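Visitor: Just dropping this structure here.
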Amino acid sequence: MLSRWWSTGLGIPENDAIFWRTSNSGGRATTRAKKGLRTFGSYGDVAAVDPIGQPLLDLLTIEIKTGYSHSTLHDLFDAPSNAAVQTYEDWIWKAEQDTIKSKSMSWMIVHRRNRRIHLVTSPAFLFQTMNFSRYPVIVPLKERRMELCVMPLWEWLQTFKPPLLVNAVTTWRKGINNEL
């Protein structure tokens, strides 16, 4: 679905082979990182197997989570302070770590509980960077508070068109190069 959305959004013939699951869901990159090695294109759960998809992954490290019917976003708000790290909190931490390792701008978690719709969770600054006026949800994590935006995947795909994302990553890259 992601490949078809990306290709048609860029105005090229529909292509279902732009993105694919990373090797061992990012495990290859994690294993190599323990040895101090980088692994291009292997962070998170989605890899670009066609170069045309790389701008999306330069912008976002994407995690995909399915199932977990006993975990909800509510756990970030109502878990006791002495509770173990919550599932969603762990996902956010992993997404942040993979974003740093991959050197992408930000992260996105696509998640779905059993028999429910797919949702997208991202840091609020990503939405604000692209001038999307969705109100953030401020969640208390163990060590800090974070502003997140959560929305249905179908709405995210309709809102964030590929050219907008390519423009965002191009602008971000220029800003990084100007700082150097």
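The values are calculated or read from the model by the stated rules, or taken from the named source; none is laboratory data. Predicted model, so just to flag it, every value in this text is computed and none were measured. Here the Cβ is made from the backbone with ideal geometry for all residues, glycine too, and neighbour counts use every protein chain on show.
Visitor: Do the conditions hold for residue 117, that is, is it in a helix (DSSP H, G or I) and of a type outside the set (D, E, K, R)?
Guide: no
Visitor: Hey, another quick one. Give me a count of the residues in the range 71-130 that are acidic (Asp, Glu) and crowded, with 20+ Cβ neighbours inside 10 Å.
Guide: Of the residues in the range 71-130, the ones acidic (Asp, Glu) are 75, 78, 89-90, 96, 98.
Of the ones still in play, those that are also crowded, with 20+ Cβ neighbours inside 10 Å are 89, 98.
Selection size over the range 71-130: 2.
Visitor: Let me ask another. Within the range 28-72, take every residue that is part of a helix (DSSP H, G or I), among the aliphatic types (A, V, I, L, M) and modelled with pLDDT under 90 and give me the one that is nearest to residue 3 (Cα to Cα).
Guide: If we take residues in the range 28-72 being part of a helix (DSSP H, G or I), among the aliphatic types (A, V, I, L, M) and modelled with pLDDT under 90, then 29 is nearest to residue 3 (Cα to Cα).
Visitor: Against the condition over 15 Å from residue 99 (Cβ atoms), of a type in the set (Asp, Glu), surrounded by 14 or more Cβ atoms within 10 Å (Cβ to Cβ) and in contact with a Ser or Thr (Cβ under 8 Å, 6 or more places away or on another chain), how does residue 58 come out, does it pass?
Guide: Criteria not met by residue 58.
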